[in-house]
Amino acid sequence: MFKHWKKDIDAVLKRDPAATSAFEVWLCYPGLRAIRRHRRAHWLYKRGHKLLARMVSQRTRRITGIEIHPGAVIGEGVFIDHGSGVVIGETAVVGDYCTLYQGVTLGGTGKDTGKRHPTLGHNVMIGSGAKVLGPFTVGDNSKIGAGSVVLKEVPPGCTVVGNPARIVRRPEPILPDEGEQAVDLDQVRLPDPIDEEICDLYKRIEQLENRCKRHTAQLLSQGKLDPGEEKCGD
């Protein structure tokens, strides 16, 4: 138990520049409090005390604004930043050293039974307001942009954004012993595939216009086109 507490506190201190001491984290961080209480609820849930476990989890929701079903599996060093509105479903699995920001949902897509919530690998970062819905896996070291809606599996090391989410960055080599250091918390400098496509179209239009001007100038110099009838030839 104390080993879990130490890793959870260290995770906050390493990833939140506003955290000044372990004592402050212990007293003031709702994400840490929610995870701490969830471990108790999960212990009760695994031993068949499901009503009591749900009572603990619902009280945690009222206190912190974070709802974690007692059946969910939460790894070590998980950081829930701010946490208001975070929802983690019954069959969800959150790997070690994951980071979840406010408004994140790890949910299902209907009334299916069995495994119906996502599994997060290690070192996954999920931005504010993102929704991960369905019984698939988000691979290790992946990053999900703020506001994204993820409906299918994400390969390890990828960055996804949008609704529905699309892969915008493929994995880069990561040393196997980097551990928690591999967590990427940057939520700003993410690729925008739509903007990139529009920029490519603008460049193509500019190239075609320049080509048209050169062709028109060539026709004028050859006397094949009157000055008052400047237009692009075939």
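G223 - would you say it is modelled with pLDDT under 65 and small (G, A, S)? It is false that G223 is modelled with pLDDT under 65 and small (G, A, S). Where helices (runs of 4 or more DSSP H) sit wholly within region 1-49, those with at least 1 residues that are assigned by TED's automatic domain parsing to the domain that holds I66 and among the acidic types (D, E) occupy 2-15, 22-28.
There is at least one residue in region 78-89 that is closer than 15 Å to G134 by Cβ and surrounded by 21 or more Cβ atoms within 10 Å (Cβ to Cβ). For the structure I just gave you, tell me whether T64 is out of contact with any strand residue (DSSP E or B) (no Cβ under 8 Å at 6 or more places or on another chain) and among the polar types (S, T, N, Q). For T64, the condition - out of contact with any strand residue (DSSP E or B) (no Cβ under 8 Å at 6 or more places or on another chain) and among the polar types (S, T, N, Q) - is met.
Is it true that E90 is in the same structural domain as N123 (by TED's automatic domain parsing), in contact (Cβ under 8 Å) with a residue 60 or more places away in the chain, among the acidic types (D, E) and not in a helix (DSSP H, G or I)? For E90, the condition - in the same structural domain as N123 (by TED's automatic domain parsing), in contact (Cβ under 8 Å) with a residue 60 or more places away in the chain, among the acidic types (D, E) and not in a helix (DSSP H, G or I) - is not met. Check whether at least one residue in region 60-79 is within 15 Å of the chain's Cα centre (by Cα) and closer than 15 Å to I9 by Cα, and report yes or no. Yes, region 60-79 contains a residue that is within 15 Å of the chain's Cα centre (by Cα) and closer than 15 Å to I9 by Cα.
For residues that are outside any helix (DSSP H, G or I) and basic (K, R), scanning just region 155-206, find the one that is modelled with the lowest pLDDT.
Looking at the filtered set, the residue picked out is R189.
The values are calculated or read from the model by the stated rules, or taken from the named source; none is laboratory data. Computed from a predicted structure; not experimentally measured. A quick note on method: Cβ atoms are made from the backbone with ideal geometry, for glycine too, and the neighbour counts reach across all protein chains shown.
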